[in-house]
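To keep things clear, I will list the structure first and then write my remarks on it.
The values are calculated or read from the model by the stated rules, or taken from the named source; none is laboratory data. Just so we're clear, the structure is a prediction, and the values are computed from it rather than from any experiment. Cβ sites come from the backbone with ideal geometry, for glycine too, and all protein chains shown count toward neighbours.
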Protein chains: 2
Amino acid sequence: MSLTSLISTAIQLKVMGIPHSSFEEKLEKMKESKGVRLDTDLTAADLKELVEQYKKVYLEVKGEEFPSDPKKQLQLAMTAVFDSWDSPRAIKYRSINQITGLKGTAVNIQCMVFGNMGNTSGTGVLFTRNPSTGEKKLYGEFLINAQGEDVVAGIRTPEDLDTMKNCMPQAYDELVENCEILERHYKDMMDIEFTVQENRLWMLQCRSGKRTGKGAVKIAVDMVSEGLVDICSAIKMVEPQHLDQLLHPQFENPSAYKDKVVATGLPASPGAAVGQVVFSADDAEEWHAQGKSVILVRTETSPEDVGGMHAAAGILTARGGMTSHAAVVARGWGRCCVSGCSDIHVNDAEKVVVIGDVVISEGEWISLNGSTGEVVLGKQPLSPPALSGDLETFMSWADEIRRIKVMANADTPEDALRARNNGAQGIGLCRTEHMFFASDERLKAVRRMIMAVTTEQRKAALDLLLPYQRSDFEGIFRAMDGFPVTIRLLDPPLHEFLPEGDLEQIVSELTTETGMMEDEVLSRIEKLSEVNPMLGFRGCRLGISYPELTEMQARAIFQAAVSMSNQGVTVLPEIMVPLVGTPQELGHQMTLIRNVAKKVFSEMDVTLSYKVGTMIEIPRAALVADEIAKQAEFFSFGTNDLTQMTFGYSRDDVGKFLPIYLSKGILQSDPFEVLDQKGVGQLIKIATERGRAARPSLKVGICGEHGGEPSSVAFFAEAGLDYVSCSPFRVPIARLAAAQVAV
Amino acid sequence: MSLTSLISTAIQLKVMGIPHSSFEEKLEKMKESKGVRLDTDLTAADLKELVEQYKKVYLEVKGEEFPSDPKKQLQLAMTAVFDSWDSPRAIKYRSINQITGLKGTAVNIQCMVFGNMGNTSGTGVLFTRNPSTGEKKLYGEFLINAQGEDVVAGIRTPEDLDTMKNCMPQAYDELVENCEILERHYKDMMDIEFTVQENRLWMLQCRSGKRTGKGAVKIAVDMVSEGLVDICSAIKMVEPQHLDQLLHPQFENPSAYKDKVVATGLPASPGAAVGQVVFSADDAEEWHAQGKSVILVRTETSPEDVGGMHAAAGILTARGGMTSHAAVVARGWGRCCVSGCSDIHVNDAEKVVVIGDVVISEGEWISLNGSTGEVVLGKQPLSPPALSGDLETFMSWADEIRRIKVMANADTPEDALRARNNGAQGIGLCRTEHMFFASDERLKAVRRMIMAVTTEQRKAALDLLLPYQRSDFEGIFRAMDGFPVTIRLLDPPLHEFLPEGDLEQIVSELTTETGMMEDEVLSRIEKLSEVNPMLGFRGCRLGISYPELTEMQARAIFQAAVSMSNQGVTVLPEIMVPLVGTPQELGHQMTLIRNVAKKVFSEMDVTLSYKVGTMIEIPRAALVADEIAKQAEFFSFGTNDLTQMTFGYSRDDVGKFLPIYLSKGILQSDPFEVLDQKGVGQLIKIATERGRAARPSLKVGICGEHGGEPSSVAFFAEAGLDYVSCSPFRVPIARLAAAQVAV
């Protein structure tokens, strides 16, 4: 860290506890009284007077003279930097970015150079390539007669690097050459700070540059073709989270909202965001926690805002350039950001933003286009992104390198198609219950099944469901021609299919639908209600209690499989029994399934090969995996439920204490987002080892939401799993994470 | 098995699928037409005719002649016995009695002897000692001119053994001698079947005799003093479940209900039972499953009824002696039973029992005294039993032998005292929340705490609770002078303390109690409600979110400990943090607790030693036990919750499928009653090993309800646990089970 930065950082860090603003105020007053606009317009005499004023501020607050011994000053500045490590915002930043295991920050002390020694001096920051697009062209900002602080703080609006090329061609050429040297050395796109003091170039700082997903992919692909890096290194140059951005929705039709555009700022971080306006980071966090999508609107952001920025779907600032705090942080996280939108006036006190005649209050919906800088009124429709160009090249490298397969969780033929387009190598989880919600007729049939008192009534309702299920399975098998399709039997508690509303409404709706008497309906509902539905009558407990349910589902699967196979589709059905905790449960269901298969194959005069396996989502199943594997042909870890039961956390209720746990450091991350390797991971390892010991050919995968989380995917690959299955949207992320752990 | 028994068993087993009644009907008609009462009154000619009729029955049903080849007959009879192993009632019987791992039944074929060859012949059954009281005196029944079937079936009411002594003195003397020889050989009280054929004694069958708890203890103690067995063998002669009977309640004051006695039968199995009348085994099972206490009333019981008999609190039969099916089975299980109560007339069709003028309908309450044979109207008050006499001697032997300690779960000073009287060596689980329900004032203070919006409001409510908790702890420490008292911090979800009723009632009650506005109360209640409370905001999650709660509880404990210590009581407090899943949670709570301890000790100028440990009740805690043991000074397995989470079974909801699982053999027993050694037990072993590896001095125990279940106690002892803790009532059972595993 240069001394300039050191001191300026020390100031930012409120050395000795005096806020920045107490000094800024004096400076502003001085400029006002002298009638000048820029700091540099002040004379030496003015500055001397200002220093005296600053010293008075110090004296007033601290009750002692400002230390004039330079050594003492240096000491204090260093201490301030060291202490900054434990500031709440630094802790929060590390927590969000999952930076752990470091002991603190380092401080380098260097001689000072000055970019504010007149018109032959200046200062700038640059990226060696465009961090948004990846384009191979220096991308930066420059200010003549200024210090670095002036650029990054976003207070003076900086100029293009071409300004420097024109004013200081020699320094500029040297800078270009240095950039090339640095890229060759670090084999990466660099973020550089430099100063020119009286035409002589000084390189102040150099680090890997933050970039957007799009930028990261293009840079990686370009550097391979430039011969700078090999494919394995390139694979590591793109963070899996980066792909998230590329896979984030874009506006469906940007030309359609043109008349709703109320302002245009800098396209600081690409992508599209739609949300409700909030004016403070705290509100952003709070609203987000309530499940709302928010746009954080600020005059400018500061490190104190990182929590709210992370919680926001998009960020809009009135001030600051493309390298301002808001822009840099947003790009790092792939948040959509429009910065430096000087048309807007933010009134924090009244919680409104004024844009000309338009007044937008807290809670109103706006849309941001981070790729164009447009600020749009209302909720503009979004469309899903797709793979293409550089990304396709890059992903093909990832696929070459990775060992673990990537499948998708998909419940409809449409999902299956999207999954396949995103590179999924099959369906790892098809939740049959989602099909039940697809139409009113289906839901009514499901409710008749649930309300059935006798087996005959239940069978009659199941007969109605059979054709729906069969036709969905046919569509999915067709979309996944040649790839395995893993179908999970009915899993959720039955009361999830009942109508919503208060008891009276539910009863009236059900009596109408089923023709049952009111008290029959009431007693049935009472029987279905549960204290802890997560641990209740669900999963294979349903299929064991009502064997006709499993039989109907198996029949639909096998009939669909045979009919598609007859049409020339290569069908690889894998039937998955949910919530198994004992080998007996699986045995019971397997017997039913195999009997149905035999029957269907004999009726339709075809035999297909298929697999029957089980979810491993109950701790006990992991512990007795050897016994279960004697029957199961595959295991699929349901890490959502496994996490719920291993921790004893109800995902629906964890909001009461998880935020406290995260803020107190009791947990490092939400175990439903990032797999808990020590606890849940231990069960996964135990089950995999014991399962394979009992059945060496056992196929082992995971279909919980962790299947799309990069650090978790790395763990699954290292634990020797055969595949991960995640949402179609996250398939490319899992493909990359799997490749990265392989290199 | 003798041939007599073989053939009769074969008949009972409905050889060739023809029901017993088809033959009995012919026999009854024959007796009627001949005007005789007893089978033996029929002439040889009558019997010949009857055989012809029997053969016709066979021909009608089977469509072929009865096989007259004796070899073929024998073959069929043997097959029937072998097949009986897989009959539903045999499977159910083995399941109830947890008989597993056997391959089938054996069949011995012997020459037949006949007890029905006139007045010098007869048959009988006996126990070598009184199976109810343990008294050392032959106890049995005898019938002149009869076969064994006539005695055990309870159709003819048998006579005393003295009848035999008078009629056949020589055979009787030989029988007495044989009984002594058999007792010396088998070192046990025997159950014997014999027949006298023309004055010659034949011993038919001999096995260990079923007995009551009281009988078992007296027999064991007597046999030690007789020199027949040593103490270690004696310890194995009493089943832990037997003690359950001795510890079952008795009627508070039998003389008080004398005018309510409506009938008196045979005192077939001692103890007292109070329940609602049902008339079928199925109803008994169904009502029991709904949590009702039932008395099963039958004309006579048969092996088909075992399920219902097990579910009933007591059994009342109109027919059958002390060795009838009902009596033998009930004694084996320690069920209260009154048999042969000929005053009652059971009308199954109308579901009433008529006793003279009294008509008792299904669902009405009656009380049974199994020790006197009295049948009493209404619910008579019960009182708890106590240890004394032989039992005390016997238990002192158990205590000498066992290695594992037995503590009790007790929440009040009264419970603590009862636990100590039953031999508990400390309190393994004191649930502080139970104290909260002890009075209206307490509950109101708890609700104020729950409804608090600010920390200040919560602290004010906690200040009100402190004195209550402190005084309860003082009482418990006093009762447990010299023994450890393990106190668990608040565990249940807070909404458990809210008033019952519909939302309107709850809100109105809470607004009155707290003086809060209606909408404040509503919003607070909404925040407290949970989808899966078992996996929600409870356990240490409360104390971490509201540190002031843990601090209050710790303060109450330490203040009580110091004040009792100052009064000369030896206080050994152990504070237990519930629902820990990560070492960080325990660390957080331990810091609070230790700080409070320091403060209290310094305020009161005394220092006491104490332990802080944790429940291991979340699967993850068991998996990371090594890390947790770095801080925890003791582990206590909460096997109830550990079973819930390891299986993914909500104890409140498991009734929907557990009966199906048990009946289909998917589970061998209810894992909440009998510890699941394979799954839950595996976690217990893992945690114990890893915990002790990290801290060799770690104290390890268990405080779930399995602590009083014999097979589970044996597992805990073998797994090397230091103690089990169970309900005060079950402490003697645990003491015995622990001794049995040690011999």
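Summary table below
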item	result
Boolean, residue B:582 is within 12 Å of chain A (Cβ to nearest Cβ), farther than 30 Å from residue A:592 by Cβ, more than 22 Å from the chain's Cα centre (by Cα) and not aliphatic (A, V, I, L, M)	yes
The lone exception for residue A:259 - which of (1) within 16 Å of residue A:186 (Cα to Cα); (2) surrounded by fewer than 17 Cβ atoms within 10 Å (Cβ to Cβ) it fails	(1)
Number of positions in region B:41-78 that are assigned to a helix (DSSP H, G or I), among the β-branched types (Val, Ile, Thr) and surrounded by fewer than 14 Cβ atoms within 10 Å (Cβ to Cβ)	2
Qualifying residue in region A:723-731 (condition: under 19 Å from the mean Cα position of the chain (by Cα) and among the basic types (Lys, Arg))	yes
Some residue of region A:551-569 being under 19 Å from residue A:615 (Cα atoms), more than 9 Å from chain B (Cβ to nearest Cβ) and surrounded by fewer than 24 Cβ atoms within 10 Å (Cβ to Cβ)	yes
Evaluation of residue A:272 against (1) at pLDDT below 85; (2) of a type outside the set (Ser, Thr, Tyr); (3) in contact with a Pro (Cβ under 9 Å, 6 or more places away or on another chain) (one fails), failing number	(1)
Residue satisfying condition, being farther than 20 Å from residue A:653 by Cα, outside any helix (DSSP H, G or I) and at pLDDT 95 or above, within set B:482, B:501	B:482
Top-ranked residue of region A:252-265 - restricted to ones that are at pLDDT 85 or above and outside any helix (DSSP H, G or I), ranked as nearest to residue A:214 (Cα to Cα)	A:265
Filtered residues of region A:443-465 (kept if buried (at least 16 other Cβ atoms within 10 Å of the Cβ) and over 17 Å from residue A:493 (Cα atoms))	A:459, A:461, A:464, A:465
Filtered residue count, region B:45-89, keeping only those that are farther than 13 Å from residue B:23 by Cα and of a type in the set (Ser, Thr, Tyr)	4
Failed condition for residue B:357, given (1) surrounded by 17 or more Cβ atoms within 10 Å (Cβ to Cβ); (2) farther than 30 Å from residue B:555 by Cβ; (3) among the charged types (D, E, K, R)	(1)
Test for residue B:700: is it closer than 22 Å to residue A:624 by Cα and among the hydrophobic types (A, V, I, L, M, F, W, C)	no
Test: residue in region B:293-309 that is in contact with a His (Cβ under 8 Å, 6 or more places away or on another chain), in contact (Cβ under 8 Å) with a residue 40 or more places away in the chain and either over 28 Å from residue B:657 (Cβ atoms) or surrounded by 20 or more Cβ atoms within 10 Å (Cβ to Cβ) (or both)	yes
Residue within region B:425-442 that is in a strand (DSSP E or B) and either under 30 Å from residue B:511 (Cβ atoms) or at pLDDT below 95 (or both) present	yes
Filtered residues of region B:598-617 (kept if surrounded by fewer than 23 Cβ atoms within 10 Å (Cβ to Cβ) and either in contact (Cβ under 8 Å) with a residue 40 or more places away in the chain or in a helix (DSSP H, G or I) (or both))	B:598, B:599, B:600, B:601, B:602, B:603, B:604, B:606, B:608, B:610, B:611
Which numbered condition residue B:414 misses (of (1) touching a residue at least 24 places away in the same chain (Cβ under 8 Å); (2) over 24 Å from residue B:235 (Cα atoms))	(1)
Qualifying positions in region B:522-545 - hydroxyl-bearing (Ser, Thr, Tyr) and either facing another protein chain (nearest Cβ under 7 Å) or buried (at least 16 other Cβ atoms within 10 Å of the Cβ) (or both)	B:545
Helices (runs of 4 or more DSSP H) wholly inside region B:621-719 that include at least 1 residues being within 11 Å of chain A (Cβ to nearest Cβ) and either out of contact with any strand residue (DSSP E or B) (no Cβ under 6 Å at 6 or more places or on another chain) or buried (at least 24 other Cβ atoms within 10 Å of the Cβ) (or both)	B:625-629, B:639-647, B:658-663, B:680-694
Residue satisfying condition, being at pLDDT 85 or above, under 23 Å from residue B:205 (Cβ atoms) and of a type in the set (A, V, I, L, M), within set B:102, B:74, B:47	B:74
Matching residues, region B:563-589, being assigned to a loop (DSSP other than H, G, I, E, B), small (Gly, Ala, Ser) and farther than 21 Å from residue A:646 by Cβ	B:568
Test for residue B:466: is it within 20 Å of residue B:429 (Cα to Cα), within 14 Å of chain A (Cβ to nearest Cβ), touching a residue at least 12 places away in the same chain (Cβ under 8 Å) and in a helix (DSSP H, G or I)	no
Segments classed as helices (runs of 4 or more DSSP H), wholly inside region B:96-209, with at least 2 members that are more than 30 Å from residue B:668 (Cα to Cα) and in contact (Cβ under 8 Å) with a residue 60 or more places away in the chain	B:148-152
